[in-house]
1. Carbon and sulfur together cover what percent of the accessible area of the range 59-185 at a 1.4 Å probe radius?
2. Order GLU303, GLU205, most accessible first, counting only protein heavy atoms with a 1.4 angstrom probe.
3. If every alpha-carbon in the range 177-313 counts as one equal scatterer, what log10 I(q)/I(0) does Debye give at q = 0.14 1/Å?
4. In whole Hz, what ³J(HN,Hα) sequence does the range 75-92 give by Karplus (6.51, -1.76, 1.60; θ = phi - 60°), x for Gly and Pro?
5. In square angstrom, rounded to the nearest 10, how much accessible surface does TRP182 have for a 1.4 Å probe?
6. Return the FRET efficiency for the residue pair GLN244, ASP109: r is the Cβ-Cβ distance, R0 is 30 Å, and the value is rounded to the nearest 0.05.
7. Which percent of the accessible heavy-atom area of the range 189-281 goes to carbon and sulfur, probe 1.4 angstrom?
8. Given a 1.4 angstrom probe, what's the average accessible area per residue across the range 159-313, in square angstrom?
Amino acid sequence: MIAGSAAVRGEVVSGRFHIHEIRLYTGLGTPNISARLGTADILAQEMNLPTNIPPDLSELLQLMATDFPAILSGNLVGIYLWGSLTYEAFDETCSDVDCIGVTRRDLDDREFSELDEWFRNKVENNRWARRIDMRFVIDHEFLDKSSRCCGFYHYTGKLVRHGSDGNPIIWMNIAESGITLWGQDAKRIAPHVSHECLLEALKLELNYLKEDLAANAGDRSDKAFVHNAYAVLTACRILYSASQKALASKDQAYSWAMETVPLMWRAVIRSAKENRLRNRGSTTLQLEQDAMRFVDFVTDEVEREPKHLIPTE
């Protein structure tokens, strides 16, 4: 998905689309993990993490790279970052920590249980674990919607099993700018994504946005307020991707949209950015209607592939 937040929909989950000093973690967690690690496993890999992330987030990512190969011994292919962390667009106020683990096969019961325990423990001890959106997918089945998948999503607080959404947007991100925490290089593992496949994924994302906006209509909570702004900015990213056949951060897509879309939408987009940065507030009826109409506009543009969109003077 384009955005950083994932949404569980029955059995389908959609993931919503410089060197920083890393301190080697010396306490390897549970005795079971520690006992399975050899000296080579404990050695830290060099990670090109963004410079603008706090040290305790770097520590959490290092823990993943240390503990997950032990828990998934023989099954893990790699661990990767995508989303805002890979665009140098991470915002401590509102960004998710988007990760993906690639395995050789579906997680067995022991692996699932130990990973679930790992996440629960980290949620209690590291503030950034509450922002993690991470799925575990099977190698060579990335675009297969019949594949099995597991995911930890911050709004559930636990690991869950579900079907894969075969999301190609994640893999475009990983191929272009993904960060390898452990295992095979991100650019080598990502599959080719055709433009037709991308367009289908973008249309699906727009449907998710419409459903989310409809579900939150009339809700005046902070959560609904943030979702409203998120929907507008994500729609900007979708429009950019459909037009440019590439991915962009929310800020990049915002700047492009403000120069490209008809003037009538620019106040809506500007308000969405301001509200996202505020990260709290009460959604008005006008904001709800503006967001729904803008998503409808983007849907119409994507349906006819917006090659006609060029920056206006």
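The values are calculated or read from the model by the stated rules, or taken from the named source; none is laboratory data. Source: prediction; values computed, not measured. Cβ coordinates were reconstructed from backbone atoms using ideal geometry, including for glycine residues, and neighbour counts include every protein chain displayed. Surface areas here come from the heavy atoms of the whole protein model, side chains and all, with no ligands, DNA or RNA. Shrake-Rupley method; radii C 1.70, N 1.55, O 1.52, S 1.80 Å.
1. Carbon and sulfur atoms account for 43 percent of the accessible area of the range 59-185.
2. GLU303, GLU205
3. These q points yield log10 I(q)/I(0) values of -0.67.
4. In residue order, the calculated couplings are 10, 7, 9, x, 10, 9, 9, 9, x, 4, 4, 8, 9, 6, 10, 5, 10, 4 Hz.
5. About 70 Å², rounded to the nearest 10.
6. Approximately 0.10, to the nearest 0.05.
7. On the range 189-281, the fraction of accessible area on carbon and sulfur atoms equals 51 percent.
8. I get 45 Å² per residue for the range 159-313.
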